[in-house]
Amino acid sequence: MSLSIRRAKARAAALLDALEVGETWDVSDAERAFNFDRHWAVLVAQAPRGLRGHLLDLGRQARDTSPTFGRLLRSMGLPNR
């Protein structure tokens, strides 16, 4: 079932906040990144067609600029994007 544009944008904002803050401080960067990717994919699938491209771009940008993803890549010995 497709989400409304307003709900999709609100859910995207909540996911972006959760990526950096999370509900608890004892969640690892790997777990936050995994949860973000999993929930973001569901959001994109449920978003209205006109918003999907924007959400895909926003997700890529979040992965490239997120301190959580940066720390995860450094801890794995991979270069930052």
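The values are calculated or read from the model by the stated rules, or taken from the named source; none is laboratory data. Everything numeric here is computed off the predicted structure, so don't read it as measured data. Ideal geometry is used to build each Cβ from the backbone, glycine not excepted, and the neighbour counts take in all protein chains shown. The area values use the complete protein model at the heavy-atom level, side chains included, leaving out ligands, DNA and RNA. Shrake-Rupley method; radii C 1.70, N 1.55, O 1.52, S 1.80 Å.
Odds and ends about this structure:
- Among the criteria (1) open to solvent by 50 Å² or more (accessible area, probe 1.4 Å); (2) polar (S, T, N, Q); (3) assigned to a helix (DSSP H, G or I), the one T68 does not fulfil is (1).
- Qualifying residue in the range 29-44 (condition: of a type in the set (S, T, N, Q) and within 22 Å of P79 (Cβ to Cβ)): no
- Among the residues of the range 39-56, the one identified as of a type in the set (A, V, I, L, M, F, W, C), farther than 14 Å from R7 by Cα and open to solvent by 70 Å² or more (accessible area, probe 1.4 Å) is L56.
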